[in-house]
Amino acid sequence: MSTGQKSKPRLIVNSENKPYWEGAARGQLLIKKCNDCGKVHYYPRSICPHCFADNTAFVEASGDGVIYSYSVTRQAKPPYVIAYVTIDEGVSMLTNIVDCDVEKVHIGQRVKVSFVEAEEGYALPVFTPA
Amino acid sequence: MSIKGKAYIAGIYEHPSRKALDKTLPQLHAEIAKGVLEDAGLTKDDVDGYFCAGDAPGLGPINMIEYLGLNNVRHMDSTETGGSSYIVHVNHAAQAIAAGHCSVALITLAGRPVADAKEGKSARFYSPDAPDLPFEMPYRFNVVNMYAMCAMRHMHEYGTTSEQLAWIKVAASHHAQHNEHAKLRDVVTVEDVVNSPMIADPLHRMDCCVVTDGGGGLLVVSPEVAKSLKRPLVKVLGAGEAPKHLAGGDVDLTYSGACWSGPKAFEEAGVKPTDIKYASIYDSFTITVLETLEDLGFCEKGKGGAFVSDGNLISGVGKLPFNTDGGGLCNNHPGNRGGMTKVIEAARQIRGEAHPKVQVPNCDIALAHGTGGLLGARMGSATLILGSEAA
Ligand SMILES: [Zn+2]
């Protein structure tokens with residue numbers, strides 16, 4: 001699995017987001033859930049952006065979703081697909097659609113999570129056609 | 001407290017440079033400050049308020065006030081909302097003037113992305129501490145593909161076409177032909193736009209704004225100061241500002257923060273979209289204009305494609321003349337920040353000082369709108385409504 005980039009992506013890892021990248025390295029897509037209001041959010045924060053409780057926890061998402069919107073960056077060699085995917089838990093996340101025919105990617109397409117090796121042993125969640 | 005009638009735009013200046021290899025960033029700010037004060041007929045000692053945004057070097061006002069030699073400043077503001085900052089600044093300056101904190105507020109913007117690139121300086125980018133960046137940077141987002149996803153979704157939901165988006169560029173090009181400073185002065189057709197190279201589906205090269213050096217400045221003053229000067233009066237009628245963001249993952253790319261900044265500005269000004277004779281609409285990309293026009297209420301949501309078609313935005317042809325200087329799509333997008341030039345051209349229209357070929361007759365009420373940041377992620381939207389003294 002590759003994002004089409006020549007080198008492994010370098011991630012910005014910090015104390016707040018580190019469990020997310022560690023989860024990805026284990027092959028898990030993690031999102032944050034608030035134990036007070038019960039809502040999920042993305043990207044993950046320590047304090048819930050819905051109710052402001054400091055009672056959030058990482059939970060594993062199914063990894064299944066649908067393309068909300070996308071674009072093919074034509075000037076890149078090879079062209080790559082950037083997209084917002086709405087996962088079945090209800091949140092949308094910016095991502096890449098990989099291992100696909102870029103001419104056939106479309107809004108509403110079912111996709112599933114996959115992981116690309118990143119620097120320092122972490123991994124980056126991406127999506128492929130389901 | 002309303003700002004309606006509490007402040008006037010007494011000075012405007014657009015730097016003529018589009019490629020400033022021989023000028024430093026502070027120098028551009030200073031030339032702009034000089035230009036705007038000369039336009040108003042005031043001196044630097046009259047300035048008691050200073051506004052700048054993230055384009056200014058160092059700590060913004062602290063460094064620039066010293067460099068410019070401003071000795072009477074008693075109000076400072078460095079609000080940063082990207083390219084819309086300068087429209088927000090007009091709102092804040094009017095509020096400060098209404099509250100008695102200052103009476104002559106200078107706002108400057110300058111940038112030299114073309115010269116910087118030529119000198120091998122990397123583009124100014126925001127801090128890796130931005131909480132969103134770890135989750136976006138690895139996916140190789142850029143300005144074009146983030147706006148492109150908005151266009152793609154708008155097309156999906158409302159049937160908007162590339163040809164309809166192209167009309168926005170066509171209208172801008174009709175205006176730019178009359179602007180001797182415009183970066184691109186050739187009139188283009190819908191076919192030219194849709195046949196230009198695809199940058200990020202569905203946005204073509206001609207759906208994208210220019211990259212230029214230069215900048216601009218504004219002088220916002222109290223009614224007493226404005227009425228003591230010789231320039232035509234440009235009154236601040238109302239303003240609104242609003243953030244819009246990804247809401248914890250509840251993403252909707254079909255609208256902008258103009259949904260909130262617009263109604264606030266219209267309410268304060270006591271006018272409706274149908275009262276607007278001229279509109280400066282932030283045009284980083286054609287899709288930015290389309291969504292903004294819908295959000296401001298110039299047409300129903302989803303009907304923007306039909307609204308902009310067939311020359312409806314061309315001065316003297318359509319119902320809503322827009323960006324009569326050629327806008328960011330053709331004229332100028334100094335420092336990748338287009339809000340300043342939006343206010344400048346709106347003020348020219350109210351003064352009756354736009355190019356005669358694009359001047360809107362009896363232009364008594366005009367609107368300027370800015371979109372800072374990314375339409376496809378998080379943005380700062382700002383709307384300003386200006387009027388003649390009679391408005
Ligand atoms: Zn909560």
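The values are calculated or read from the model by the stated rules, or taken from the named source; none is laboratory data. In this text, all values refer to a predicted model and were calculated from it rather than measured experimentally. Please note: Cβ atoms are built from the backbone with ideal geometry, for glycine as well, and neighbour counts cover all protein chains shown. Surface accessibility is based on the protein's heavy atoms, side chains included, excluding ligands, DNA and RNA. Shrake-Rupley method; radii C 1.70, N 1.55, O 1.52, S 1.80 Å.
At a glance:
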read-out	value
Exposed-loop-free span, longest in chain A, where GluC sites (Glu not before Pro) count as exposed if DSSP calls them loop and at most 16 other C-beta atoms lie within 10 Å	A:17-102
All-pairs Cα distance distribution in segment B:179-232, expressed in whole percent, bin size 5 Å	4, 13, 16, 13, 11, 10, 9, 8, 8, 7, 2
Gap separating the Cα centres of segment B:178-255 and segment B:9-87, nearest whole Å	19
Using distinct alpha-carbon pairs, which all enter the 1/r mean, Kirkwood radius of segment A:18-129 in Å	14.7
Residues A:Glu119 and B:Glu389, FRET efficiency given R0 of 51 Å [Cβ-Cβ distance, rounded to 0.05]	0.25
Per residue, the convex hull volume that the Cα atoms of segment B:253-385 enclose (Å³)	95
Where labels lie 7 Å past Cα in the beta-carbon direction, separation of B:Thr189 and B:His156 in nm	3.3
Label-point separation in nm, A:Cys51 to B:Met1, each point 7 Å along Cα→Cβ	3.9
Computed P(r) (all Cα pairs; segment A:52-91; 10 Å bins; percent)	24, 31, 29, 13, 3
Chain A: most fluctuating residue of A:Tyr84, A:Tyr42, A:Tyr20 per GNM, C-alpha cutoff 10 Å	A:Tyr42
Mean ellipticity per residue at 222 nm, deg cm²/dmol - from DSSP H runs of n ≥ 4 across chain B, formula -39500 (n - 2.57)	-9500 deg cm²/dmol
Quarter of Cα convex hull surface for segment B:229-310, i.e. mean projection, nm²	7.3
With at most 15 other Cβ atoms within 10 Å, longest stretch of chain A clear of loop trypsin sites (Lys or Arg not before Pro) (DSSP)	A:27-103
Isotropically averaged projected area of chain B, using the convex hull of Cα atoms (one quarter of hull area), nm²	17.6
Stokes-Einstein translational diffusion, segment B:1-142 - Kirkwood Rh over all Cα pairs, 1.306 mPa s, 10 °C, in µm²/s	96
Exposure ranking of B:Asp207, A:Asp99, B:Asp39 by accessible area [1.4 Å probe, largest first]	A:Asp99, B:Asp39, B:Asp207
Percent carbon-and-sulfur accessible area, the protein assembly as shown, ignoring ligands, DNA and RNA, probe 1.4 Å	52
Radius of gyration and maximum dimension Dmax of the protein assembly as shown, Cα, Å	23.3, 71
Cα-projected label distance for A:Glu22 with B:Glu163, points at 7 Å along beta-carbon direction, nm	5.7
Accessible area buried, both sides summed, chains B and A with 1.4 Å probe, Å²	3100
Per residue value of the accessible surface for the protein assembly as shown (all protein chains in place, 1.4 Å probe), Å²	38
C-alpha center-to-center spacing [segment B:311-381, segment A:42-59] in angstrom	41
Choice from B:Ala110, B:Ala200, B:Ala93 showing the highest fluctuation, given a GNM over chain B with Cα pairs closer than 10 Å	B:Ala200
Extension reserve of the B:Leu59-B:Lys227 stretch, reckoned as 0.36 nm per residue once the Cα distance is removed	57.1 nm
